[in-house]
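Report on one structure; see the data block that follows.
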Amino acid sequence: MRMAWRVLVEARKYWVQLGIGFAGVVIATIAGFYLPWALRSLTQLATEGSSHFAAEALTIGLLLLASTLLQAIGSSLSGYMNHYAALHYVADLRTRLYGKYQQMSLRYFNRSRTGDLTGRVVNDAMEAEIFIAHAIPDFVVNVLTFVGVGILLLTINVKLALISLITIPLLLAITIWQSKRLSPMWRENSRVRGEIAGKVQENMSGIKEIQIFNRQQEEQSNVSRLALKHTKTYLHASLFYETSKPLLAFVTALGTVLVVIVGGRLIGTGEVSIADIIGFIAYLGMFYNPVKSFSGLMEMAGKAGAGLKRVFDVLEEVEDVPEKRHAITLPRIQGRIVFQDVSFAYQDGLTVLEKLNLTIEPGRTVALVGTTGVGKTTLASLVNRFYDPQVGSIQLDDIDIRDVTLASLRDNISMVLQDTFLFDGSVYDNIAYGWKGAAQEDVVAAAKAAKAHDFIALMEQGYHTIIGERGVRLSGGQKQRLSIARAILRNAPILILDEATSALDTKTEHEIQEALDEISKDRTTLVIAHRLSTIRHADQIVVLEGTGVAETGTHDELIRLGGIYARLYATQAS
Ligand SMILES: Nc1ncnc2c1ncn2[C@@H]1O[C@H](COP(=O)(O)OP(=O)(O)OP(=O)(O)O)[C@@H](O)[C@H]1O
């Protein structure tokens with residue numbers, strides 16, 4: 001109920017359509033009440049006789065025709081209008097959900113499965129349609145039918161009407177018990193469906209690894225196990241529903257039996273006519289329907305509610321990289337970066353950085369060096385707020401990055417990551433992704449600077465060649481060059497290069513290095529590279545060890561110091 005209310009309140013933009021839909025439901029339901037009444041009137045005519053039999057039968061027939069027409073018009077109107085509101089609300093919900101994903105930190109995505117998140121947008125959001133276009137109108141029909149038919153039964157005969165009420169509490173108790181048992185079963189079913197989506201999506205992304213390590217069979221059994229689990233949870237709910245259904249049918253029949261027995265006696269005493277009994281029994285089916293379908297309706301709402309809860313759970317998720325209410329717009333900065341007493345852990349107890357202090361002056365190229373897993377990428381990820389440190393602060397040009405809008409912060413930073421991601425579009429679009437207002441000359445100039453222009457020119461359709469999902473039609477080095485071009489185009493005052501040239505051969509790396517050195521000149525550049533030869537000429541080399549900075553200086557200074565860097569360098573040189 002609370003979920004239905006929430007959905008209705010959130011869908012207030014579509015209240016006009018819902019109002020028309022509601023009117024349609026009311027018209028169709030009330031018009032539907034006439035058929036048993038017509039049956040009763042006709043029987044009355046036949047049993048009691050009339051001098052205008054043909055004319056009265058014609059009137060009944062015409063009224064029946066009108067009621068059927070009204071029923072058809074009402075239900076078409078409500079069907080379309082309710083779906084109009086429902087589907088537009090689903091579209092809003094999907095957009096909001098996607099918007100929420102965009103606000104979440106990487107920490108959230110690290111602990112979620114992509115397939116599950118996709119499933120919430122694609123499948124779970126669609127459950128709102130069930131709520132708005134089916135469950136709520138059905139609820140209105142049920143209430144109207146129960147009250148309306150109840151009044152008609154009372155009009156026909158009060159005694160019989162009261163007798164027919166005897167079984168209602170029992171019917172209601174059974175349906176409520178049914179829906180209480182069914183709700184958690186549908187929730188579990190919905191969860192397992194999300195698990196299947198997650199697994200399939202993960203396996204599609206890792207299809208190469210599955211083939212390399214010949215894990216097709218295992219992965220197929222994993223998917224099959226989940227598919228069966230889904231079947232089982234569904235059947236579990238279905239078994240319960242189907243076995244409790246006959247109980248409901250039995251109690252319903254009991255009500256009709258009572259009316260037949262008592263009605264028979266009342267005919268004997270002349271209290272009711274045959275026409276009344278026929279009309280009454282015809283109405284009785286309608287009267288019990290809302291009570292009987294209460295559990296089905298609850299089941300439908302329960303299933304839809306379980307899916308919607310998964311959508312609302314995401315919408316209510318607290319952002320762990322929040323933007324302040326009155327965050328300021330960070331202007332184009334000079335590029336001074338200060339890490340002040342920064343401590344960071346991905347999970348409690350597993351500290352990656354502790355009380356780290358580091359100042360990077362504007363325009364300087366600083367290399368982060370250290371053994372694998374020491375926290376170089378993590379440190380760089382804090383600058384554009386992929387994550388926030390638990391303790392300490394990071395300032396750009398003396399402004400705390402938590403005080404500025406995320407968009408303006410990220411406009412000041414350009415990043416080339418180790419695993420390049422390209423979209424399934426043209427080469428041109430992928431480079432132009434770096435800057436919204438880029439002109440064609442800028443894109444080509446960036447590609448030239450990243451030494452990508454020559455191989456692009458050789459492609460079948462040049463800059464308009466489609467590169468496939470994740471850039472599958474490109475080599476690792478080509479992908480890396482496109483991502484460098486994209487970053488160059490961004491022309492931000494801070495450039496972060498995380499193993500940006502690792503997929504290139506030494507010759508190309510050397511060429512790109514020159515281009516990178518060129519664009520690094522007038523901006524602050526943070527370089528992470530395992531090949532120390534590529535960072536030799538950095539203005540400052542910062543060596544990380546344990547959870548903090550162990551050494552810092554230029555290449556020559558650190559070699560002279562004879563510490564960690566000197567040892568690492570000697571190992572690579574040999
Ligand atoms: N998303 C994550 N969730 C949990 N732990 C993580 C995550 N990313 C990295 N870590 C852990 O944090 C530590 C630092 O990782 P990071 O990637 O920053 O190291 P790195 O120095 O850049 O390593 P490499 O040189 O191998 O790229 C590692 O112990 C790693 O296991």
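May I ask you to compute the full-extension gain from residue 547 to residue 257, defined as 0.36 nm times their residue separation minus their alpha-carbon distance, rounded to one decimal in nm?
Net length gain for the segment: 96.3 nm.
Modelled spin-label separation between residue 475 and residue 73, with each label point placed 7 Å from Cα along the Cα-to-Cβ direction: 7.3 nm. Each of 388, 539 was scored by other Cβ atoms within 10 Å of its Cβ. Arranged with the fewest first, they read 539, 388. Using alpha carbons only, how many degrees (0 to 90, rounded to 10) separate the axis of helix 168-205 from the longest principal axis of the chain? In the chain, helix 168-205 runs at an angle near 30 degrees to the longest axis. Between amide H atoms placed 1.01 Å from N, distances below 5 Å from residue 496 occur with 414, 415, 416, 526, all of them 5 or more places distant or on a separate chain. Is segment 116-196 rounded, prolate or oblate when judged by the Cα gyration tensor, a ≥ b ≥ c being the square roots of its eigenvalues, rounded requiring a/c under 1.5 and prolate requiring a/b larger than b/c? Because a/c hits 1.5 or more and a/b fails to exceed b/c, segment 116-196 counts as oblate. Placing a label point 7 Å from the Cα of residue 238 along the Cα-to-Cβ line, the residues of segment 271-307 whose backbone N sits under 16 Å from it are 300. State whether segment 2-316 is rounded, prolate or oblate according to the following rule on the C-alpha gyration tensor (a ≥ b ≥ c being the square roots of its eigenvalues): a/c under 1.5 gives rounded; otherwise a/b larger than b/c gives prolate, and the remaining case gives oblate. Verdict is prolate for segment 2-316. By the count of neighbouring beta-carbon atoms within 10 Å, fewest first, 295, 205 end up ordered 205, 295.
Across all Cα atoms of segment 337-573, the radius of gyration (one decimal) and Dmax (whole number) stand at 18.1, 53 Å.
Computed from backbone phi with θ = phi - 60° and the Karplus coefficients 6.51, -1.76 and 1.60, the 3J(HN,Hα) list for segment 393-400 is 9, 10, 10, 10, 6, 6, 10, 5 Hz; x is used for glycine and proline. Think of segment 337-573 as having a plus end and a minus end, set by charges on the Cβ of Lys, Arg, Asp and Glu; of 461, 387, 356, 461 sits farthest toward the positive end of this dipole.
Start at zero, step by 20 Å, and the Cα-Cα distances of the chain spread as 16, 35, 24, 16, 8, 1, 0 percent across the bins. Cross-link partners of residue 507 among lysines, defined as those whose alpha carbon lies under 30 angstrom from its own and excluding same-chain residues fewer than eight positions apart: 208, 376, 448, 451, 479, 521.
Sequence-ordered 3J(HN,Hα) estimates for segment 88-104 from the Karplus curve with 6.51, -1.76 and 1.60 and θ = phi - 60° stand at 5, 5, 4, 4, 4, 5, 5, 5, 5, 5, 5, x, 5, 3, 5, 8, 7 Hz, glycine and proline given as x. Relative to the dominant Cα principal axis of the chain, helix 564-573 is inclined by about 80°. Of the residues 88, 555, the one with the fewest other Cβ atoms within 10 Å heads the list, and the complete ranking is 88, 555.
The stretch between residue 429 and residue 391 holds 9.8 nm of extra length on full extension. This uses 0.36 nm per residue minus the Cα-Cα distance.
Reachable aspartates and glutamates from residue 199, Cα under 14 Å, same-chain residues fewer than 8 places away excluded? Within reach: 116, 218, 219. In this structure the amide hydrogen of residue 336, modeled in the peptide plane, comes within under 5 Å of the amide hydrogens of 397, none closer than 5 places in sequence on its chain. Per-residue ellipticity at 222 nm from helix content only, as computed over the chain with -39500 (n - 2.57) for each DSSP H run of at least four residues, stands at -21000 deg cm²/dmol.
Which percent, nearest 5, of DSSP beta bridges in the chain are antiparallel?
Antiparallel: roughly 50 percent of the beta bridges in the chain.
Where a number appears in this text, it was derived from the coordinates with a stated rule and is not lab data. Here the structure is a predicted model, which is why all the values come from computation and not from measurement. No Cβ is skipped: glycine too gets one built from the backbone with ideal geometry, and neighbour counts run over all protein chains shown.
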